[in-house]
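First up is the structure itself, then whatever we jot down about it.
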2 protein chains.
Amino acid sequence: MTELLEPNTRPAHTDPGTRVDSWLASFEDAMSRGDTAAASALFAPTSFWRDLVAFTWNLTTVENPDGVRDLLDAVLPDLAPHGFSTLEPPTETDGVIEAWIAFETATGRGKGHLRLTDEGAWTLLTSLRELKGHEEPMSERRPRGTEHGVVRGRRSWKEQREAEAAALGRTEQPYVVVIGGGQGGIALGARLRQLDVPAVVLDKHDRPGDQWRSRYKSLCLHDPVWYDHLPYLPFPQNWPVFAPKDKIADWLEMYTTVMEVPYWSRSTVTSARWDEAAEHWDVVVDRDGESLLLHPRELVFATGMSGKPNLPDLPGMDVFTGDQHHSSQHPGPEAYRGKRAVVVGSNNSAHDICGALWENDADVTMVQRSSTHVVKSDSLMDIGLGGLYSERAVASGMTTEKADLTFASLPYRIMHEFQVPLYEQMAERDADFYARLEKAGFRHDWGDDGSGLFMKYLRRGSGYYIDVGAAELVADGEVKLAHGQVSHLTEDSVVLEDGTVLPADLVVYATGYGSMNGWVADIIDQATADRVGKVWGLGSATTKDPGPWEGEQRNMWKPTQVPHLWFHGGNLHQSRHYSLYLALQLKARHAGIDTPVYGLQDVHHTA
Amino acid sequence: MTELLEPNTRPAHTDPGTRVDSWLASFEDAMSRGDTAAASALFAPTSFWRDLVAFTWNLTTVENPDGVRDLLDAVLPDLAPHGFSTLEPPTETDGVIEAWIAFETATGRGKGHLRLTDEGAWTLLTSLRELKGHEEPMSERRPRGTEHGVVRGRRSWKEQREAEAAALGRTEQPYVVVIGGGQGGIALGARLRQLDVPAVVLDKHDRPGDQWRSRYKSLCLHDPVWYDHLPYLPFPQNWPVFAPKDKIADWLEMYTTVMEVPYWSRSTVTSARWDEAAEHWDVVVDRDGESLLLHPRELVFATGMSGKPNLPDLPGMDVFTGDQHHSSQHPGPEAYRGKRAVVVGSNNSAHDICGALWENDADVTMVQRSSTHVVKSDSLMDIGLGGLYSERAVASGMTTEKADLTFASLPYRIMHEFQVPLYEQMAERDADFYARLEKAGFRHDWGDDGSGLFMKYLRRGSGYYIDVGAAELVADGEVKLAHGQVSHLTEDSVVLEDGTVLPADLVVYATGYGSMNGWVADIIDQATADRVGKVWGLGSATTKDPGPWEGEQRNMWKPTQVPHLWFHGGNLHQSRHYSLYLALQLKARHAGIDTPVYGLQDVHHTA
């Protein structure tokens, strides 16, 4: 019995629920007393607290008891966190207890996730779900749709919508302008609509979905359906695993209508500047030929996480007589049947374009400039995503929200440790494939630390190909392979630095994209772009993601060094999940709620 | 102990699960031996077996052991029913055990519902869910969306869709033609698409949803969202309780696109006739000015369960100088501000139109020709639908499929018994309202047997108003009330049979609709319309629903006396639920599965 009463010991079989309840009670109690030392002592020596807006009005990860204490010292007592409880019975695996939790603060309601070991909290996720008094009109709060009773001068839903559309940007100013109406802008627009924040989403194309329609014809999503749902309206059960680009385009178009997203097509922002006196932006918009001046308080760039196309400036580009364009401008293979195509680059777009050109009987050469991570789509689906995003996961009761929060619960600092073993499995499963690829001379890698595709995506947003077939063409020699940098172009060829001459009727520059703050330089000015700094990446000190460590993705979905300027985007998963946090931050500001930001990031890189 | 061994006794506390398992085993065993006497003896003396396609290739209800035996004698042994099991633990309330069951037949898989008493089975529902070998591509069977690998000459999803659309009706004939592209035609079109049955849905309007857009502007759905979901793609959580007509129109339009329903807008069927030699229909379609001849094997009328508008033929209609039109043609109240409006009729449309005219400052008189059932929308929602279709039901785990099957499990013969107490509750809850309505001289009723709105809907599809406010105007005298039949019109008035003169600038005939076989007379011929007979109604021998008893709704969603001719429609609930059974019947025929129909209905009325 004595042993059991020793400090730091516990009955061997205390059930996980009791232990979590006890931890939560201690945490809440310490916070309520303002005892940040006691609260932080509940965390393990190596530990991570990731907060998504609930405690910090920021996306922040703090580390270890010191970090926890620093955070709490800053946010208590005003935040008044309370009501911590479990949402379902916690589970224990290999000495780690996992719990889904709910909590409240003075202003909002949150959900979170806790991993508890004998040392204390190992990981804690806290995420804001809704603001008190600003709950979304959904489910039991859904709108009536009609006003029962008789009302003289009643305006129908359609008349109200038309009046609102006519007033927007003329007699009524949007509080938020979202530049870019792809999946990111549309998802954010839907959330802002739900939260009753006056907003407008601006897009240059003719109609929603054209961002996808205008891409090369064989393009399908590389991520599977379970990973791709938009907020509020999930794809139906018959939706294809990998949606063809025109089908996802139709979905985005109907989603914009159904969710009543205020959306201006054929609209280009020609300039934006912050009016310090008026405390709003002056945003000049060309709307289908008409110039309009908007005055939003908040400005969101949702222009594509990939940023502006990197078109190389090569000697001889002006004398080359064939077609040449960046991969983002590639019209598809139809016009190049029987022609000689040189594709510069070896990542996703390069492979997709090479495959489509080959299918249309072009003579195709891929120019590999640096090593690429290649992973087979099926293996990625089964091993990389299957536990959270698959039919199997759905059948086991996994919801999209729970999958998103589970993923979010893994701190970026240690995420690669969870990823490495998955890619080791893939390497083993597809060993034959990799051997053939190597034999063909293709240089492939698994990321600087073997952590594979998703870490590459988070760190640099490039450097990989999800193989849906084109890598086999490279392995077979059907698509020819060249190596090295391009020296220059001639009238009818691409010449590499080693002197190799690649005759060409078409050159596609699959040379990637710059940082999103390049759009800021274009639309606002270079000084503001530099002030906001590089967008995307974790500061992992790996290739194309220079340190220092940031803890979160740079500048995405959270306050930047430029007040009232925000970035939104990413893949469909990120557009869905992080649009909630960005929308809540914007809503809080619109509602006049105090939003003291903890841990505003410094700028270490300008691009 | 002796007592317990007596036949027909059971241990007092045998749990419901054991009793159901035992009943199902006995039922299956008797059927497998072809012992229809034993199988039918498992039913209570008063009992009902409702089959939706699974056993009978029909929608049929048989009654009592005799009926059960007749059915089984006809369908065994070919049907080979087997694999009966419970889907979840049965429950017992007031001596009635309820169980959800699964089963198979030689050709399909089914679900059903059983109510068991000490006397045996009281009600049994059997419904076909899918055909073996023709399972829908959903969830784990969903399409891939892209063909991985490289394929020379690959056609994209869009190219395939375009090629299919170009061929339809020209080089490729649809197996099914659906006339009418409202909610019914669209839901059926979606199911047929899923089941890979070549079909086309024809509609006269410019685009899907125009059936709603063209109605008067204040119209909202009278049924709540939980009751209104379409197949496959439920409304999102933020959908209004009562969708405004233009919003539901937008939804139908996007649904048609997203579900890839083959849909021809601006298309009118000018004639159809069965070609006995070729064994197909010759359907002449005017498609946006072009005449096309289609050759479907199966022809579905989805032209609206209400059938053709009943426009009365009154003396003086030709001399009346104001506006006059059927309620279905009413453009809305805007043009009638300050004008004198006479609305003939006192059901749903009459009330809605009177209300909207009053809101727009018209002087409105309603002419009540016969008694109307009025029920307040909130009371109907809470008491009538709440258990199955409400946020409360969703929160308690009720799914749309389960709600639909629960509703379907109540045989029409006894359904009114379940309905009467609900309307007694409503009468009590809204006693003040009814007193005021009566005081204003409005004649209201609860149906011939007090069973209220839904039975009126099933029996005659008319005779009621779901009050969303206009009945209050009548009670208050804001909308004036007149009684009796119209004698004739003068240049500027409506004259009733009792001599009352109602000055009028506008006359709206809210005089209802005929039977759907009126469309058959127009498009095919009167002989065929007579041969198929009256559509809708139960044969309840109540007002406007003459006997004899039919057991199911006449001619809806099931084989008719005219081979290859079908009817589909109803409210959104029915369009959703019964489109499955109609689609499975059509699919089975397309797949060449033998579909012997048990219990084909006789025709007792021609209109």
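Please treat every number below as a calculation from the coordinates, not as lab data. These numbers were taken from a predicted model, which means no experiment stands behind them. We place every Cβ from the backbone using ideal geometry, glycine too, and count neighbours over all the protein chains shown.
Can you list the copy-to-copy distances for residue A:370, using a point 7 angstrom from Cα toward Cβ, in nanometres, shortest first?
With the label placed 7 Å along Cα→Cβ, residue A:370 yields 8.2 nm.
Per-residue counts of other Cβ atoms within 10 Å, averaged by peptide: what ranking do you get for B:585-591, B:513-519, highest first?
Ranking, from highest mean packing down: B:513-519, B:585-591.
Quick one: angle between helix B:245-258 and the longest Cα principal axis of chain B, in degrees between 0 and 90, rounded to 10, please.
Its long axis makes an angle of about 40 degrees.
If you take every DSSP beta bridge whose two residues both sit in the protein assembly as shown, what share of them, in percent to the nearest 5, is antiparallel?
Numbers: 102 of 188 bridges.
Around 55 percent antiparallel, to the nearest 5.
Obtain the radius of gyration and the Kirkwood radius of chain B from its C-alpha atoms and give Rg over Rh. All intermediate terms of the calculation are to be shown ahead of the outcome.
Numbers: Rg = 25.8 Å, Rh = 26.2 Å.
Result: Rg/Rh = 0.99.
Shielding by partners for A:465-475, please: the mean number of other protein chain Cβ atoms within 10 Å of each residue's Cβ.
Partner-chain Cβ atoms within 10 Å, mean over residues of A:465-475: 2.
As I understand it, the value is the acute angle between the Cα axis of helix A:16-32 and the longest principal axis of the Cα atoms of chain A; what does it come to in degrees, rounded to 10?
It is inclined by approximately 80 degrees.
Under a 5 Å amide H to amide H cut-off, with H placed in plane at 1.01 Å, what residues pair with residue B:175 once short-range neighbours are removed?
B:199
Each residue of the range B:88-99 in order: what ³J(HN,Hα) in whole Hz does its phi give by Karplus 6.51 cos²θ - 1.76 cosθ + 1.60, θ = phi - 60°, with x for Gly and Pro?
7, x, x, 10, 10, 9, 6, x, 10, 8, 10, 9
Enumerate the calculated ³J(HN,Hα) couplings along the range A:489-500 in order (Karplus 6.51 cos²θ - 1.76 cosθ + 1.60, θ = phi - 60°), each rounded to whole Hz, writing x wherever the residue is Gly or Pro.
10, 10, 4, 9, 7, 10, 10, 8, 5, 8, x, 4
Compute the angle between helix B:183-194 and the longest alpha-carbon principal axis of chain B, please, reported from 0 to 90 degrees and rounded to the nearest 10.
Roughly 30 degrees, rounded to the nearest 10.
Which percent of the Cα-Cα distances in the range A:348-403 go past 17 Å? Show your work: numbers first, answer last.
Working: 894 of 1540 pairs.
Across the range A:348-403, Cα pairs with separations above 17 Å total 58 percent.
Let a ≥ b ≥ c be the square roots of the eigenvalues of the Cα gyration tensor of the range B:352-510; is it rounded (a/c under 1.5), or, if not, prolate (a/b larger than b/c) or oblate?
prolate
When you count, for each residue, the other Cβ atoms within 10 Å and take the mean per peptide, how do B:350-357, B:388-395 rank with the highest first?
B:350-357, B:388-395
In vacuum, with every alpha carbon of the range A:189-272 counted as one equal point scatterer, what does the Debye formula give for log10 I(q)/I(0) at q = 0.20, 0.25 Å⁻¹? Two decimals, please.
Reported log10 I(q)/I(0), two decimals: -1.00, -1.26.
Between residue A:41 and residue B:196, what FRET efficiency comes out of the Förster formula 1/(1 + (r/R0)^6) with R0 = 45 Å and r the beta carbon distance, rounded to 0.05?
0.10
Within 10 Å of each Cβ in peptide B:223-231, how many partner chain Cβ atoms are there on average? Round it to a whole number, please.
The mean count of partner-chain Cβ atoms within 10 Å per residue comes to 1.
For chain B, give the share of DSSP beta bridges that are antiparallel, in percent and rounded to the nearest 5; count only bridges with both residues there.
That works out to approximately 55 percent antiparallel.
Around residue A:469, with a cut-off of 13 angstrom between Cβ atoms, what is the net charge of the other residues, counting Lys and Arg +1 and Asp and Glu -1?
-4
Using 0.36 nm per residue, how much length does the chain from residue B:164 to residue B:492 gain when fully extended, once their Cα-Cα distance is taken away?
In short, 112.5 nm is gained.
What's the center-to-center distance, using Cα atoms, between the range A:201-266 and the range B:56-114 in Å?
Taking the Cα centre of each part, the range A:201-266 and the range B:56-114 sit 43 Å apart.
By average Cβ neighbour count within 10 Å, what is the ranking of A:24-31, B:573-580 from highest down?
Put in order of decreasing packing, that is B:573-580, A:24-31.
Residue A:92 label points, 7 Å along Cα→Cβ, one per copy: pairwise distances from this copy to the rest in nm, shortest first?
So the distances to the same position in the other copies read 4.0 nm.
Using only C-alpha positions, report the orientation-averaged shadow area of the convex hull of the range B:121-250, nm², one decimal.
Seen from a random direction, the Cα hull of the range B:121-250 projects 13.0 nm² on average.
So what's the back-of-envelope 222 nm ellipticity for chain A, counting only DSSP H runs of four-plus at -39500 (n - 2.57) apiece and dividing by all residues, rounded to 500? Write out the running numbers ahead of the final one.
On the way: 19 runs with 185 residues, N = 607.
Rounded to the nearest 500, the figure is -9000 deg cm²/dmol.
With chain A rotated onto chain B, spot the residue of A whose Cβ lies nearest the axis and note the distance in whole Å.
A:254, 2
Taking only the alpha-carbon atoms of the protein assembly as shown, what semi-axes of the equivalent ellipsoid follow from 5 times the gyration tensor eigenvalues under a square root, in whole Å, largest first?
Its equivalent ellipsoid spans semi-axes of 56, 37, 36 Å.
Report the gain in length on full extension from residue B:26 to residue B:270: 0.36 nm times residue separation, minus Cα-Cα distance, nm rounded to one decimal. Provide the component values of the computation, followed by the final result.
On the way: separation 244, 0.36 × 244 = 87.84 nm, distance 5.42 nm.
Stretched out fully, the residue B:26 to residue B:270 stretch lengthens by 82.4 nm.
Which entries of B:204/B:456; B:217/B:456; A:132/A:558; A:158/B:587; A:217/A:308 have Cα-Cα distances beyond 28 Å here? Let's see the in-between values first.
Numbers: B:204/B:456 30 Å; B:217/B:456 26 Å; A:132/A:558 20 Å; A:158/B:587 39 Å; A:217/A:308 22 Å.
Violating the 28 Å limit, Cα to Cα: B:204/B:456; A:158/B:587.
Please average, across the residues of B:391-404, the number of beta carbons from any other chain that are within 10 Å of each residue's own beta carbon, and give a whole number.
Neighbouring Cβ atoms belonging to other protein chains average 1 per residue here.
Run the quick spin-label model on residue A:561 and residue B:147: label points 7 Å from Cα toward the beta carbon, then report their separation in nm to one decimal.
Placing both labels 7 Å beyond Cα along the Cβ direction yields 5.2 nm.
Kirkwood Rh, Cα Rg: Rg to Rh for the range B:298-406?
On the way: Rg = 19.4 Å, Rh = 17.5 Å.
Dividing the radius of gyration by the Kirkwood radius yields 1.11.
How much space per residue, in cubic angstrom, does the convex hull of the C-alpha atoms of the range A:55-178 take up?
200
If you stretched the chain out fully between residue A:604 and residue A:206, how much longer would it get, using 0.36 nm times the residue separation minus the C-alpha to C-alpha distance?
On the way: separation 398, 0.36 × 398 = 143.28 nm, distance 3.80 nm.
The span from residue A:604 to residue A:206 would gain 139.5 nm if fully extended.
Between the label point of residue B:34 and that of the same position in each other copy, find the distances and list them shortest first in nm, with every label point placed 7 Å from Cα along the Cα-to-C-beta direction.
Distances to the matching label points in the other copies: 9.0 nm.
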